[in-house]
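**Q** First the structure, then my questions, so here it is.
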Amino acid sequence: MYVCSCFGITEQQVKQHADGGACTPRQIASACKAGTDCGSCVRRIQAILGRGACPRRDLADQGRPVLTNLEDAA
């Protein structure tokens, strides 16, 4: 199912980016542009990401890279 019609991004792709470390809609946007055009998909992206803690936030707090293998998820 498409989440972002503007860029043809599917729910599965958003989940793959999340598995790769994207924890916020802004990080998803950086990875695949979803949510950067009309913005109507941002709430759906938020719902997919959920409200739980980001599993990679500790890495970010340590200054280590948190987004990995995003090219594979595209």
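The values are calculated or read from the model by the stated rules, or taken from the named source; none is laboratory data. Quick caveat: nothing in here was measured; it's all calculated off a predicted structure. For neighbour counting, all protein chains shown are included, and Cβ atoms are generated from backbone atoms with ideal geometry for every residue, glycine included. Heads up: the accessible areas ignore ligands, DNA and RNA and are worked out on the full protein's heavy atoms, side chains in. Shrake-Rupley method; radii C 1.70, N 1.55, O 1.52, S 1.80 Å.
**Q** Which of (1) modelled with pLDDT of 90 or more; (2) open to solvent by less than 100 Å² (accessible area, probe 1.4 Å) is the odd one out, the single condition Gly50 does not satisfy?
**A** Going through the list (1) modelled with pLDDT of 90 or more; (2) open to solvent by less than 100 Å² (accessible area, probe 1.4 Å), Gly50 breaks only (1).
**Q** Return the residues of the stretch 22-44 that are in a loop (DSSP other than H, G, I, E, B) and surrounded by fewer than 20 Cβ atoms within 10 Å (Cβ to Cβ); say none if nothing qualifies.
**A** Once the filter is applied, which keeps residues that are in a loop (DSSP other than H, G, I, E, B) and surrounded by fewer than 20 Cβ atoms within 10 Å (Cβ to Cβ), the stretch 22-44 yields Thr24, Lys33, Thr36, Asp37, Cys38, Gly39, Ser40.
**Q** Answer yes if at least one residue in the stretch 54-64 is at pLDDT 70 or above and under 14 Å from the mean Cα position of the chain (by Cα), and no otherwise.
**A** Within the stretch 54-64 (the criterion being at pLDDT 70 or above and under 14 Å from the mean Cα position of the chain (by Cα)), the answer is no, since none of the residues qualifies.
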